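Report on the structure given below.
What follows draws every value from the coordinates through simple rules; no lab data is involved. Just so we're clear, the structure is a prediction, and the values are computed from it rather than from any experiment. Quick reminder, even Gly has a Cβ in these numbers, built from the backbone with ideal geometry, and neighbours come from all protein chains shown.
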Amino acid sequence: MSTTRHTRLLIIGSGPAGYTAAVYASRAMLSPILVQGIEPGGQLTTTTEVENWPGDTEVQGPDLMVRMEGHARAMGTEIVSDIITSLDVTQRPFTAKGDSGTTYTCDAVILATGARAKWLGLPSEDKFKGFGVSACATCDGFFYRGAEIVVVGGGNTAVEEALFLTNFASKVTLIHRRDTLRAEKIMQDRLLKHPKIVPLWHHEIAEVIGTENPQGVEAVRARDVRSGAITEIPCKGVFVAIGHAPASELVADVLETHHGGYVKVEPGTTRTSIPGVFAAGDLTDHVYRQAVTSAGMGCMAALDAERFLAAQEVNLQAAE
């Protein structure tokens, strides 16, 4: 049975940006509703050790998100397990439809839907997703104990995943199109010194090959980007870590975006191109993409929303 619920402030997304926005909005007595989305906790739930969260020398990503959720609940946020499938911000009140059948209306909305993993786009990659091909080492690394695996990418995510997977794998081959990594220097040093990790420079995956029954990965064919020569690398798992794309589908047609789909906000604020719609975290950030900057933007979004709603009330009172 469908129901309609109204809230002054709706927060869509539940990573560091969403939960921090919820804490600040609750403290401002806005009684926000936060809809968690398809991946409660966001990308940090698929991360292991987080070493750059202020106040914690080291913390597990999932544990940090459980703490953030608990904090938001303690402040009074109503947290809903639902997925927003459509959002109309062209008329007021704004209207969001949930996969549960619930319709949410609101006077202001904070978008904190984050980003999601990019894939290589190969038919063979798609064929073996969930059967040896993954974008989450912390989710699936355990299944490859004692096996040889491949990681694709050259940034922080790829290096972190390769290092984590050495806890299980007998050998990790890191395939990268260039001959240098984009990851932080400290991460590069760890990877290049690790006895289980073998970098394969100037290569890309041309094909994932495996068995049909039972379905599973047996090897990858790697192409030299300079010569075109193919090398076959035996492996049981392929972990794709080539970056993320902003989850802006709900608003891509109505809000101004840039840099490949990131929601554009006014400099120094979280205000989008539509008054009353605010955006925070990886949905807007194509530069820093850190948990701590996402949390900071969540705080900003809540404060911006509070000021917007207060101004709306003043205008209503003046009109009356």
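Phi angles across the stretch 260-271 convert, under the Karplus curve 6.51 cos²θ - 1.76 cosθ + 1.60 with θ = phi - 60°, into 3J(HN,Hα) values of x, x, 5, 5, 7, 10, 5, x, x, 9, 10, 6 Hz, Gly and Pro given as x. Computed as a quarter of the hull surface, the mean projected area of the alpha carbon convex hull for the stretch 123-240 stands at 6.7 nm². Listed by chain and number, the aspartates and glutamates whose alpha-carbon sits under 20 Å from that of LYS129, ignoring those within fewer than 8 places in the same chain, are GLU39, ASP140, GLU148, GLU161, GLU204, GLU207, GLU212, GLU218, GLU232.
Summarising the strand pairing of the stretch 123-240, around 45 percent of its internal DSSP beta bridges are antiparallel. Peptides 275-281, 95-101, 36-42, 288-294, ordered by how many other C-beta atoms sit within 10 Å of their residues on average, highest first, read 275-281, 36-42, 288-294, 95-101.
By the Cβ distance rule (another cysteine Cβ under 4.7 Å), the unpaired cysteines of the chain are CYS106, CYS235, CYS299. The fraction of all Cα pairs in the chain landing in successive 20 Å bins from 0 to the largest distance is 31, 50, 18, 1, given as whole percents. Within straight-line reach of LYS193, meaning a Cα separation under 26 Å, sit the following lysines at least 8 residues removed in sequence or on another chain: LYS171, LYS185, LYS236.
In the chain, if the dipole is taken from +1 on Lys/Arg beta carbons and -1 on Asp/Glu beta carbons about the Cα centre, which of VAL254, TYR288, ALA158 is farthest to the positive end? The listed residue farthest towards the positive side: ALA158.
Looking at the chain, the DSSP beta bridges with both ends there are about 50 percent antiparallel. Sketch the reach of a paramagnetic label on LEU316 as a point 7 Å from Cα along Cα-to-Cβ, and name the residues of the stretch 21-35 whose backbone nitrogen lies under 14 Å away. Output list for this probe position: 30-31.
Put simply, when 199-208, 131-140 are sorted by average Cβ atoms within 10 angstrom per residue, most first, you get 131-140, 199-208. Compared with the dominant Cα axis of the chain, that is its longest principal axis, helix 61-75 is turned about 10°. Amide H contacts for ARG116 (H built 1.01 Å from N in the peptide plane; partners 5 or more residues away or on another chain; cut-off under 5 Å): ALA245, ALA247.
So, by mean Cβ neighbours within 10 angstrom, what's the order for 166-178, 184-196 with the highest one leading?
Going from most to least packed, we get 166-178, 184-196.
The distance from the alpha carbon centre of the stretch 164-208 to that of the stretch 56-94 is 34 Å, rounded to a whole number.
Take every Cα pair under 8 Å whose residues are at least 6 apart in sequence, average their separation, divide by the length of the chain, and the relative contact order is 21 percent.
Between the Cα long axis of helix 291-319 and the first principal axis of the chain there is an angle of about 20°, rounded to the nearest 10. Once C-alpha pairs closer than 8 Å and six or more residues apart are averaged by separation and normalised to the residue number of the stretch 153-192, the relative contact order reads 58 percent. Size check on the stretch 239-292: the Cα extents along the three principal axes, sorted descending, read 40, 26, 15 Å. Inter-label distance, LYS129 to ILE38: 0.8 nm, where each label sits 7 Å from its Cα along the C-beta direction.
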